[in-house]
Amino acid sequence: MVPFWYLIGDSFTQGSCVLPGEDFASQIRILTKQSAISLGMSGNGPLIELASLKEYGLQKKPQIVLWFYFERNDLEDLRNEKSFLVKKTTADKPVNRDKVKTAAWFKI
């Protein structure tokens, strides 16, 4: 089944502070009668969200992608993810940058 809607984000998208069925994906399903998949997860930042989109979205090919951005913490999450990526690639053997296309998108 090809999802019509595809939701990317953090705990806000996940619906971590609402009752089951009140999250965005559930509400979209109810209101539009279309399929909706949410990959929103608490703690996800923009790089992880992009990786989720590339990993699953390109495979599933949804009609609509909603990317929820929360300005209170997403920029800090991005800084942390970039720092981790740089530390990880310098601590271990160097990573082939061609394989880390998400990093190139954010100009790391």
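Provide the convex hull volume over Cα atoms per residue for the stretch 36-76, in Å³.
Measuring per residue, one finds 68 Å³ for the Cα hull of the stretch 36-76.
What does the charge add up to near residue 77, with Lys and Arg as +1, Asp and Glu as -1, over the other residues with Cβ less than 12 Å from its Cβ?
With Lys, Arg at +1 and Asp, Glu at -1, the neighbours total -3.
Compute and list, largest first, the equivalent-ellipsoid semi-axes of the stretch 1-90 from the alpha carbon gyration tensor, each √(5λ) rounded to a whole angstrom.
26, 16, 8
Where Lys and Arg each count +1 and Asp and Glu each count -1, what net charge lies around residue 63 among other residues with Cβ under 15 Å from its Cβ?
Charge balance in the 15 Å sphere: +4.
Values quoted throughout were computed directly from the atomic coordinates according to the rules given, and no laboratory measurement underlies them. What you see is a predicted model, and the numbers here were worked out from it, not measured in a lab. Glycine gets a Cβ as well: all are built from the backbone with ideal geometry, and neighbour counts include every protein chain shown.
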